[in-house]
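Participant: To start, I am sharing the structure in question, which I have written as C-alpha cells.
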Amino acid sequence: MELAYYSDYAVRLVNTEEPARNKDALTSVEAVRELFGANQQAARRTTDADVTRFRSVRARLRAVFDAADGDDETLAVDLLNSLLLEFPVSPQISGHDVRDQDGRPDWHMHLADHPSNATAGYAAIAAMGLAFHLTEHGVDRLGLCEAAPCRNAYLDTSTNRSRRYCSDRCATRANVAAYRARKREEAERTGRSAEAAQPSTAVTDR
C-alpha cells in the first residue's frame, strides 16, 4: 500500500460533516466502519464508543485543513504533530504476497495501526498519511472547497497548484453562480446608465 493512500483517510473522515449545512453522516457504527474501506479487519473493531471518538478526531483534522486554508502553515503543522504524538504508528515493510514481473515480492511501506481501538487505529494512519502529503507537496496542497456552503476538504494534486474545489460538481456550481452574478451586475449597470441618460422631466415654477 502506498503511503500517499493514507492521506485519503483524513479527507474521508473530515468530509463526513458539512457544518454550514448542519449535516453529519457520522451517526452510527456502520457509518464509521464504511470509512475503513477495504481494511475490514480494522473496521470490525468499531464499537458504539468510536462514533463519539471519531467525531473528536474529525474536528482536529478539520482544524488542520482550516489552518492550511487560512495560510497559517505553522498552526497546521503543530496541530498535525499533536495528532501524530497522540496516535503513533509502526512503519513496516510489507509484500502482501504480491509479486513483481521477476517473481519477487513487491515490497512497500505499510503503516501498522494502533490495536487498542478503531479510533486510535484510524486516527494514526489518517494523521500519518496527511503528514506525508504535507511534507511531500506543501501545506498549500491541503484545501477546503471554495464553493459555499460546501467547505469539504481535498488534497490538491494538480500540477500547477490550481485546485479550488472538492469536486467537478462544486466547480460547476461555483462557475454558474459567478456567471449569474456577473450578469446581474451588468444588468444593474445597464439600468443605471439608462436612467442617467433619461431627460429631466421635473416641472419648474414660473
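The values are calculated or read from the model by the stated rules, or taken from the named source; none is laboratory data. Keep in mind that this is a model prediction, so the values were computed, not measured. So basically every Cβ, Gly included, is an ideal-geometry build from the backbone, and we count neighbours across all protein chains shown. Heads up: the accessible areas ignore ligands, DNA and RNA and are worked out on the full protein's heavy atoms, side chains in. Shrake-Rupley method; radii C 1.70, N 1.55, O 1.52, S 1.80 Å.
Participant: Mind listing just one residue for me: the one in the range 142-158 that is open to solvent by 80 Å² or more (accessible area, probe 1.4 Å) and among the charged types (D, E, K, R) and, of those, nearest to Ala20 (Cα to Cα)?
Facilitator: Among residues in the range 142-158 that are open to solvent by 80 Å² or more (accessible area, probe 1.4 Å) and among the charged types (D, E, K, R), the one nearest to Ala20 (Cα to Cα) is Arg151.
Participant: Would you check if there is a residue in the range 159-178 being farther than 24 Å from Glu34 by Cβ, open to solvent by less than 30 Å² (accessible area, probe 1.4 Å) and not aliphatic (A, V, I, L, M)?
Facilitator: Within the range 159-178, none of the residues are farther than 24 Å from Glu34 by Cβ, open to solvent by less than 30 Å² (accessible area, probe 1.4 Å) and not aliphatic (A, V, I, L, M).
Participant: Take the range 121-141 and flag every residue that is crowded, with 21+ Cβ neighbours inside 10 Å and over 14 Å from the mean Cα position of the chain (by Cα).
Facilitator: Gly121, Tyr122, Ala123, Ala124, Ile125, Met128
Participant: Looking only at residues that are touching a strand residue (DSSP E or B) at 6+ places or on another chain (Cβ under 9 Å) and assigned to a loop (DSSP other than H, G, I, E, B) in the range 20-40, which one is nearest to Ala123 (Cα to Cα)?
Facilitator: Only one residue fits best here, namely Leu26.
Participant: For the range 59-68, does any single residue satisfy the condition of being more than 16 Å from Arg12 (Cα to Cα), modelled with pLDDT of 95 or more and in contact with a helix residue (DSSP H, G or I) (Cβ under 7 Å, 6 or more places away or on another chain)?
Facilitator: yes
Participant: Please go through the range 48-95 and pick out each residue that is among the β-branched types (Val, Ile, Thr), open to solvent by 80 Å² or more (accessible area, probe 1.4 Å) and part of a helix (DSSP H, G or I). Steps first, please.
Facilitator: We begin by selecting, within the range 48-95, every residue among the β-branched types (Val, Ile, Thr); these are 51-52, 57, 64, 74, 77, 89, 93.
From what's left, open to solvent by 80 Å² or more (accessible area, probe 1.4 Å): 52, 74, 93.
The answer is Thr52, Thr74.
Participant: Arg45 - would you say it is surrounded by 12 or more Cβ atoms within 10 Å (Cβ to Cβ), charged (D, E, K, R) and in a helix (DSSP H, G or I)? Write out each step before concluding.
Facilitator: On the way: surrounded by 12 or more Cβ atoms within 10 Å (Cβ to Cβ): yes; charged (D, E, K, R): yes; in a helix (DSSP H, G or I): no.
For Arg45, the condition - surrounded by 12 or more Cβ atoms within 10 Å (Cβ to Cβ), charged (D, E, K, R) and in a helix (DSSP H, G or I) - is not met.
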